[in-house]
Amino acid sequence: MFDVNKSMQTVQMNLIPNDVSVRAETPLHHVDLATIATQGAQDRNIKIQELALLDHLVLRGHADNAALTTGIQSVMGVSLPINLQSVEKEGQVIRWISPDEWLITTPHGTGFALEQQLRNAISTHCAVVNVSGGQTVITVEGAGTEEMLRKCTPYDIHISNMPVGKVVTSLFGKAQAVIRRTGEQQFEVVIRRSFSDYCWLWLQDSCREFGFTVKL
Amino acid sequence: MFYIYCPYCEEHREEEEFHASGEAHIPRPSDPDNCTDAEWGEYLFFRTNPRGLHHELWVHGIGCRKFFNITRDTVSYEIKETYKIGAKPQFTHAEEKV
Ligand SMILES: [Zn+2]
């Protein structure tokens with residue numbers, strides 16, 4: 001018979017090369033944020049930063065399964081967030097994506113260890129998939145950020161509807177993005193690699209009337 | 001533009017995030033090998049086109065990516081209800097069997 005635990009233990013492989021000679025390029029590599037950061041005024045209201053090369057894990061499982069929730073609790077020290085919620089602890093973020101899906105981000109280089117810990121701690125049917133290469137995280141903050149982001153998504157991001165910690169998958173322009181509020185005028189957007197150029201241009205255009213500075 | 005209630009996200013979301021996927025409650029024949037061509041053709045290709053209440057499959061594609069059902073009035077476009085896969089609709093025709 002198919003043994004879930006056995007099969008999970010035999011497929012562990014680090015998808016992120018440890019070899020430093022392999023050059024890692026974020027989905028916004030071509031934008032050259034380092035150069036943009038040195039250009040123009042440095043005191044603009046809106047600050048944009050790419051949280052480049054974080055490790056991203058997708059977790060699938062049943063939220064009503066105690067083995068999943070206790071496994072997460074023991075490894076990450078937080079409860080699995082429910083509908084449209086997120087939790088953050090020591091640089092690790094868990095975002096609710098759907099009733100059986102979460103997106104976890106963790107600092108660069110720590111993803112594989114976390115993946116192994118999760119697989120060992122979760123004694124029930126689940127999936128942990130490394131999707132680090134497929135997407136990146138952009139943070140936007142500063143006065144006017146909410147007003148600027150209203151041009152990017154049809155979702156009502158007013159603080160009464162989207163308090164700090166709430167996360168939604170919605171449209172960003174015509175592309176899909178995972179948008180999370182991290183402060184009153186502070187948001188985080190997870191965008192896909194294939195849409196990164198489009199999203200970056202859209203964001204840049206939306207910021208035009210406010211002005212923006214790139215932080216590194 | 002209007003809002004649709006996603007039963008999985010449990011809130012109203014912009015219509016643009018959703019996509020219609022045809023008629024709901026079409027069971028796959030339990031024994032395809034012993035279906036007549038007519039039965040299989042009926043399952044694959046034939047759909048109702050009612051005036052009034054219609055049960056439809058929709059997907060919250062740019063959101064939680066879950067499929068769910070909508071009961072919609074094809075005359076007024078009014079959405080009567082949205083409900084999860086596996087649940088029964090509250091609004092049905094008297095002669096309907098869902
Ligand atoms: Zn949804």
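The values are calculated or read from the model by the stated rules, or taken from the named source; none is laboratory data. Since we're looking at a predicted model, the values are computed, not measured. Note: ideal-geometry Cβ built from the backbone for every residue, glycine included; neighbour counts use all protein chains shown. Quick note on the areas: whole protein, heavy atoms, side chains included, nothing else; ligands and nucleic acids left out. Shrake-Rupley method; radii C 1.70, N 1.55, O 1.52, S 1.80 Å.
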I'd like the full set of residues that are within 16 Å of the ligand (Cβ to nearest atom) and either surrounded by fewer than 18 Cβ atoms within 10 Å (Cβ to Cβ) or aliphatic (A, V, I, L, M) (or both), limited to segment A:61-97. A:Ala63, A:Ile82, A:Asn83, A:Leu84, A:Gln85, A:Ile97
Out of B:Arg65, B:Arg47, I need the residue that is over 24 Å from A:Lys166 (Cβ atoms) and either open to solvent by 90 Å² or more (accessible area, probe 1.4 Å) or more than 14 Å from every other protein chain (Cβ to nearest Cβ) (or both). Which one? B:Arg47
Per the list (1) of a type in the set (Val, Ile, Thr); (2) part of a helix (DSSP H, G or I); (3) under 18 Å from the mean Cα position of the chain (by Cα), residue check on A:Thr69 breaks on (3)
Could you check segment A:199-208 and list, in sequence order, the residues that are surrounded by fewer than 20 Cβ atoms within 10 Å (Cβ to Cβ) and either at pLDDT below 95 or under 9 Å from A:Ile46 (Cα atoms) (or both)? A:Arg208
Identity of the residue in segment B:68-77, under 11 Å from B:Ser21 (Cβ atoms) and more than 10 Å from the ligand (Cβ to nearest atom), that ends up surrounded by the most Cβ atoms within 10 Å (Cβ to Cβ): B:Asn69
Any residue at all in segment B:36-43 that's within 13 Å of the ligand (Cβ to nearest atom), open to solvent by 60 Å² or more (accessible area, probe 1.4 Å), without any contact (Cβ under 8 Å) to a residue 24 or more places away in the chain and part of a loop (DSSP other than H, G, I, E, B)? no
Would you confirm whether or not segment A:24-46 contains a residue that is touching a His at 6+ places or on another chain (Cβ under 9 Å) and open to solvent by 40 Å² or more (accessible area, probe 1.4 Å)? yes
Any pair with Cβ under 8 angstrom, 6 or more apart, that starts in segment B:7-22 at a residue that is over 18 Å from A:Met162 (Cα atoms) and ends at one that is of a type in the set (S, T, N, Q) and more than 8 Å from the ligand (Cβ to nearest atom): B:Pro7/B:Thr82
Residue in segment A:174-191 that is farthest from the chain's Cα centre (by Cα), counting only those that are surrounded by fewer than 21 Cβ atoms within 10 Å (Cβ to Cβ) and within 12 Å of chain B (Cβ to nearest Cβ): A:Lys174
Quick test for you: out of A:Leu149, A:Leu216, pick the one residue that is open to solvent by less than 10 Å² (accessible area, probe 1.4 Å) and of a type in the set (A, V, I, L, M, F, W, C). A:Leu149
Which pairs turn up if I take residues in segment A:168-185 that are at positive phi and look for partners that are surrounded by fewer than 24 Cβ atoms within 10 Å (Cβ to Cβ) with beta carbon separation below 6 Å, at least 6 apart in sequence or on another chain? A:Gly173/A:Trp202
Subset of segment B:8-32 that is more than 10 Å from chain A (Cβ to nearest Cβ) and closer than 30 Å to A:Gly173 by Cβ - its residue that is nearest to the ligand (Cβ to nearest atom): B:Phe18
Evaluate segment A:153-173: report whether one residue or more is buried (at least 20 other Cβ atoms within 10 Å of the Cβ) and in a helix (DSSP H, G or I). no
Selection within segment B:1-24 - in contact with a Pro (Cβ under 8 Å, 6 or more places away or on another chain) and at pLDDT below 95: B:Met1
Can you pull out every residue in segment A:73-115 that is within 17 Å of B:His60 (Cβ to Cβ), among the acidic types (Asp, Glu) and in a strand (DSSP E or B)? A:Glu101
The conditions are (1) in contact with a Pro (Cβ under 6 Å, 6 or more places away or on another chain); (2) on the phi > 0 side of the Ramachandran plot, and A:Gly40 fails exactly one of them. Which is it? (1)
If you go through segment A:99-112 one residue at a time, do you hit one that is more than 16 Å from the ligand (Cβ to nearest atom), touching a residue at least 24 places away in the same chain (Cβ under 8 Å) and on the phi > 0 side of the Ramachandran plot? yes
Anything in segment A:87-118 that is among the hydroxyl-bearing types (Ser, Thr, Tyr) and within 14 Å of another protein chain (Cβ to nearest Cβ)? List them, or say none. A:Ser98
